[in-house]
Amino acid sequence: MVNIKENEDLNKLNHSCAHLLAQAVKHLYPDAKFWVGPVIEEGFYYDIDLGDEVVKEEDLPRIEREMKKIAKDGKRIVRNELSKEEAIKKFQDDPYKLDLISRMNEDEEVISCYTQGDFTDLCRGPHVETVKELKYFKLLKFSGAYWKADSRNKMLQRIYGVCFRKEEDLNEYLHELEERKARDHRKIGKELNIFMAHDLVGKGMPLWLPNGSIVRKELENYIYHKENRLGYHHVYTPCVGTVDLYKTSGHWDHYQENMFPSIKVDDEEFVLRPMNCPHHMLIYANTIHSYRELPIKIGEFATDFRYEPSGAVKGLERVRCMCQNDAHIFVRPDQIKEEFKEVVNLILEVYKDFGLKDYKFRLSLRDREDKHKYFDDDEMWDNAENKLREVLDELDVEYKEAIGEAAFYGPKLDVEVKPAVGPEITLSTCQLDFLLPRRFNLTYVDQNGQKKIPVVLHRAIFGTFDRFTAFLLEESKGALPLWLSPIQINIIPVNNEYHLDYAKKLFSIFTEKEYRLTIDDKDEKMGYKIREAQTRKIPYTLVLGDNEKNNNTVTYRKFGEDKTSTVTIEAFLELIENQIKQYK
Ligand code: TSB
Ligand code: ZN
């Protein structure tokens, strides 16, 4: 999908369309006041104060019609430059624009406004020449948005739209939007009974239903076995810690806004943990370590709680209670490169197993000038950053560098993907950390009997099971691979009276081998049952009649295919076994 923000012409066009929207709204709601109307990847929006009024579904076509009318009039868009004083005077009745002006520095930027007909807006520009150019646009949706994204402020009305040069571009875009909505994991998750939410449990706290729990358990087993083979040790630790633990780690000072408030019990004060690193540091510190033991890899499927703004929580993708596929790898400085390489290789292997291709690596580095955010040890930073680069180059993976995006404790590598709806998200992450081992006084004894401080690699391959499952549902459009499907095989007896016994016999053979099946013996037509198995995205449908029963065979149909094949029970078992074994 085209990125409108990054396309110079479309950016300008959408920016002008945001003004057109504001002008139309002003015609229809004369008291409306306007905050900001930026261009985004998907088009534009404008945040509007309508007093006590709230935008409703039926308002969008009305506003759109007014926009068309204004556009047809074809007024030129004229730029004016102002002094700060003039700007304050011009917008004296508009608290929102005054707020923007008050933050402008006239020595550094020109204050400009743009006028089209009876509407003027404070704006940097640039814009198209005339509103006539705004022909192919559509208002897409609306939502509430707190002024300056702060829930203590007034809720404004945000209206989203998009504009193109050509009608066919707009239509293609709208078609793709529909397609994306159809594979939104919140929709698929509901249809396939993967998860639910309930107000009584709380926002951003999804409940995994039996079907979703099967998917999650399979993911857990899959990654557990992979990690086990690589020498990880898995642990269980409580999902709370004392405030002192998080003061020791530094999260209390640096991460508190993402944490739930603390809870007092007797004379202890707890927090729901947002991260598991402190617990794993204590496990490392529980025994003395020799240089020979390193690397030590401590893994956990660990539940964390994070405060995410209520407007940001989204299905399984962004939750307030999540389970990380977490591990902390304790290494000697000379092992950083090798261990980082192992993690990147594991990420590559996992993405290949899931057939994921559309992802990007992002290497976040420090800003060398920013001595305030990043601890001051240029040699250590340079060394670490170069090692990470070397690994990525050796593995020949493409990556983008993001200067100034590193965590305060070290550089990191993230994997970014694009969900069906909304901005990019991070799945996997691998973060180098020089600081936490110091805060917890971690040591190992080197070959000369000296105490040395290890380095830690924080890594989560799936990120969280929650987010990974969300992404997987969208990528697969709900048609999960055989090994992950909650129901793998649906058996349909041609005639319940004659073939149900054979269906039951197969059911027990397959369940014995831990396959997940259903028998569809409803009183419905065969065609209906086959279609239903397709909407439930069941990978295999077996149709059993006389022929199959008499010859101990099955006739199977794969999801999404019309073709059927008849094979012996053993051959079918072998077929599915082969499809699954690589994930065990
Ligand atoms: C990897 N301490 C490290 C850990 O050792 C850590 O917590 N890193 S993190 O903050 O980046 O989180 C790990 C992963 O959790 C992210 O890469 C992301 O995929 C996932 N994640 C973060 N926030 C959420 C959320 N609100 N909902 C779902 N998943 C999330
Ligand atoms: Zn960590």
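Taking only protein heavy atoms and a 1.4 Å probe, what accessible area per residue, in Å², does the chain have with all protein chains in place?
50 Å²
If packing is taken as the average count of other Cβ atoms within 10 Å, what order do 401-413, 225-237 fall into, highest mean first?
Top to bottom by mean Cβ count within 10 Å: 401-413, 225-237.
Of the DSSP beta bridges with both residues in the chain, give the percent that are antiparallel, rounding to the nearest 5.
Close to 85 percent.
Could you grab the relative contact order for segment 426-571? Cα pairs under 8 Å, six or more apart, rounded to a whole percent.
18 percent
Output the relative contact order of segment 190-306, whole-number percent, from Cα pairs under 8 angstrom with separation of 6+ residues.
26 percent
Can you grab the distance from the C-alpha centre of segment 10-28 to the C-alpha centre of segment 130-145, Å, no decimals?
Each part reduced to its Cα centre gives a spacing of 6 Å.
With a 1.4 Å probe and every protein chain left in place, tell me how much accessible area residue 218 has, in Å² to the nearest 10.
30 Å²
Identify unpaired cysteines across the chain, taking unpaired to mean no other cysteine Cβ lies under 4.7 Å from the residue's Cβ.
113, 123, 239, 277, 321, 323, 430
Assuming 0.36 nm per residue, please report the length gained on full extension of the stretch residue 383 to residue 353 beyond their Cα-Cα distance.
Length gained between residue 383 and residue 353: 7.5 nm.
Would you mind calculating the gained length between residue 558 and residue 570 on full extension (0.36 nm times residue separation, minus the Cα-Cα distance), in nm to one decimal?
2.6 nm
How would you rank 314-323, 257-266, 163-172, highest first, on the average number of other Cβ atoms within 10 Å across their residues?
With the highest mean Cβ count within 10 Å placed first, the list reads 314-323, 163-172, 257-266.
Step through the table entries 97/135; 5/373; 352/563; 217/513, compare each Cα-Cα distance with 23 Å, and write down the pairs that go over it.
Exceeds cut-off: 97/135; 5/373; 352/563.
Spin-label point model (7 Å from Cα, Cβ direction): what's the residue 199 to residue 372 distance in nm?
Each label point lies 7 Å from its Cα, and together they span 4.3 nm.
Normalised by the number of residues in segment 11-124, what is the relative contact order in percent for Cα pairs under 8 Å and 6+ residues apart?
23 percent
Which percent of the accessible area of the chain is formed by carbon and sulfur heavy atoms (probe 1.4 angstrom)?
48 percent
If the reach is capped at under 17 angstrom between alpha carbons, list the lysines near residue 181, excluding any in the same chain fewer than eight residues apart.
138, 141, 190, 314, 418, 477
Applying 1/(1 + (r/R0)^6) with R0 = 60 Å to the Cβ-Cβ distance of residue 81 and residue 393, what FRET efficiency is obtained, to the nearest 0.05?
It comes out at approximately 0.80.
Roughly how far apart, in whole Å, are the Cα centres of segment 270-303 and segment 531-584?
45 Å
Which order, highest average first, do 153-162, 303-312 follow once you tally other Cβ atoms within 10 Å for each residue and take the mean per peptide?
So the order, starting with the most tightly packed, is 153-162, 303-312.
Which residues in segment 281-301 place their backbone N less than 19 Å from a point set 7 Å from the Cα of residue 268 along the Cα-to-Cβ direction?
Once the point is set 7 Å along Cα→Cβ of residue 268, 281-286 turn out to lie under 19 Å by backbone N, inside segment 281-301.
So how strong a dipole does segment 463-584 carry about its Cα centre when Lys and Arg Cβ are +1 and Asp and Glu Cβ are -1, to the nearest 20 debye?
Here segment 463-584 has a charge dipole of around 280 debye.
Please give the contour-minus-distance gain from residue 98 to residue 334: 0.36 nm per residue of separation, less the Cα-Cα distance, rounded to one decimal in nm.
79.3 nm
Can you give the charge dipole size of segment 1-55 about its Cα centre, rounded to the nearest 20 debye, using +1 on the beta carbon of Lys and Arg and -1 on the beta carbon of Asp and Glu?
180 debye
Quote the FRET efficiency, to the nearest 0.05, computed for residue 285 versus residue 182 with a Förster distance R0 of 56 Å and r equal to the Cβ-Cβ distance.
About 0.65, to the nearest 0.05.
Could you tell me which of 493, 482, 402 has its Cα farthest along the dipole of segment 373-530 towards the positive end, charges placed at Cβ (Lys, Arg +1; Asp, Glu -1), taken about the Cα centre?
Farthest towards the positive end: 493.
Place a +1 charge on the Cβ of each Lys and Arg in segment 209-329 and a -1 charge on the Cβ of each Asp and Glu, then give the dipole magnitude about the Cα centre in debye, rounded to the nearest 20.
480 debye
What number, rounded to the nearest 500 deg cm²/dmol, is the helix-based mean residue ellipticity at 222 nm of the chain, given -39500 (n - 2.57) per DSSP H run of at least four residues and division by all its residues?
Taken over the chain, the calculation gives -11000 deg cm²/dmol.
The values are calculated or read from the model by the stated rules, or taken from the named source; none is laboratory data. This is a predicted model, so every value here is computed, not measured. Cβ sites come from the backbone with ideal geometry, for glycine too, and all protein chains shown count toward neighbours. Accessible surface areas use protein heavy atoms only, side chains included; no ligands, DNA or RNA. Shrake-Rupley method; radii C 1.70, N 1.55, O 1.52, S 1.80 Å.
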